[in-house]
Amino acid sequence: MALRYEYAVETEDLAKYYVMGPVTVRALDGVSVKIRRSEYLSIMGPSGSGKTTFFNMVGGLDRPTRGKVFIDEVDIASLDAYELAWLRAKKIGYIFQTFNLIPVLTALENVTLPMVFTGVEREERLRRAKEMLTRVGLGERLDHKPGELSGGQQQRVAIARALVNNPVIVLADEPTGNLDLHTGLEIINLLKTLNTEEKVTIINATHDLKMIDVSDRIFWLRDGKIERIETRAEVAVKEVE
């Protein structure tokens, strides 16, 4: 039976600096946080505040200048290239603003692709992909390619792809950024439903204030640092005041 750690993600003094000639850009500057399993977390802040850099560190897509990232209590800096690739494929799902679907593949093929890298047999890949696409409301669109789908439908394919390997966490980077207001709200509600039903931890970087309504906590980033951490209830009280 798999261990169930209290925290899906922990960071300790996480920093990422970029040296550009005489200037050092502190994209992240000492971020220490603990993110609980099954939590829906939104990271908010202005452009350049460090949201995407934080995502890249937690997702194992880039190495920190200083500090540590733990996924299920495993220090990802201690992993070799093969182990890190396995962790990214198996424990982390990614959702991007630009969908990042492969245009020549159908919705079904796009969703089955992550399972190829984790060694899932073909019949099981197809079963799980069909099931997940049905869960996100695309059971009738399995054979459609991205160009034959609306923006909202493409994002639903991306969500299905992110969840199909039963990850510990899903990193959603501006998932409503390319969608209209109505479709964006549908995607927000879908992510919250899947968060509740699948018990997956969702970490969402966004400018979309509607995300606050479904978030358990909100991390406000500014200049690479955590400016403040609030619960949804605390934000609601401020709005009333």
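General remarks:
Residue by residue, here is whether (1) under 13 Å from the mean Cα position of the chain (by Cα); (2) under 25 Å from D208 (Cβ atoms); (3) open to solvent by 20 Å² or more (accessible area, probe 1.4 Å) holds:
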position: N110; (1), (2), (3): no, yes, no
position: T118; (1), (2), (3): no, no, yes
position: R125; (1), (2), (3): no, no, yes
position: A129; (1), (2), (3): no, no, no
position: K145; (1), (2), (3): no, no, yes
position: A160; (1), (2), (3): yes, yes, no
position: E174; (1), (2), (3): yes, yes, yes
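- Residue match in segment 66-74 (condition: modelled with pLDDT under 95, in a loop (DSSP other than H, G, I, E, B), open to solvent by less than 70 Å² (accessible area, probe 1.4 Å) and within 30 Å of E197 (Cβ to Cβ)): yes
- Flag for L194 being open to solvent by less than 10 Å² (accessible area, probe 1.4 Å) and assigned to a helix (DSSP H, G or I): yes
- Matching residues, segment 78-134, being touching a helix residue (DSSP H, G or I) at 6+ places or on another chain (Cβ under 9 Å), in a helix (DSSP H, G or I) and among the small types (G, A, S): A89, A107, A129
- The single condition from (1) under 22 Å from T206 (Cβ atoms); (2) surrounded by 21 or more Cβ atoms within 10 Å (Cβ to Cβ); (3) of a type in the set (A, V, I, L, M) that L61 fails is (2).
- Exactly one residue out of I226, I202, I187 is within 21 Å of V9 (Cβ to Cβ), in contact (Cβ under 8 Å) with a residue 24 or more places away in the chain and open to solvent by less than 30 Å² (accessible area, probe 1.4 Å), and it is I202.
- Where a residue in segment 44-56 is open to solvent by 60 Å² or more (accessible area, probe 1.4 Å) and its partner, wherever it lies, is modelled with pLDDT under 90, with Cβ under 9 Å and at least six apart: S47/H207; T52/D173; T52/E174; T52/A205
- For segment 135-178, the candidate set comprises residues that are among the basic types (K, R) and in a helix (DSSP H, G or I); within that set, the residue that is nearest to G60 (Cα to Cα) is R161.
- Among (1) open to solvent by 30 Å² or more (accessible area, probe 1.4 Å); (2) touching a residue at least 40 places away in the same chain (Cβ under 8 Å) - the single one I95 does not satisfy: (1)
The values are calculated or read from the model by the stated rules, or taken from the named source; none is laboratory data. Predicted model, so just to flag it, every value in this text is computed and none were measured. Every residue, glycine among them, receives a Cβ derived from its backbone with ideal geometry; neighbour counts consider all protein chains shown. Ligands, DNA and RNA are excluded from the accessible area calculation, which covers all protein heavy atoms including side chains. Shrake-Rupley method; radii C 1.70, N 1.55, O 1.52, S 1.80 Å.
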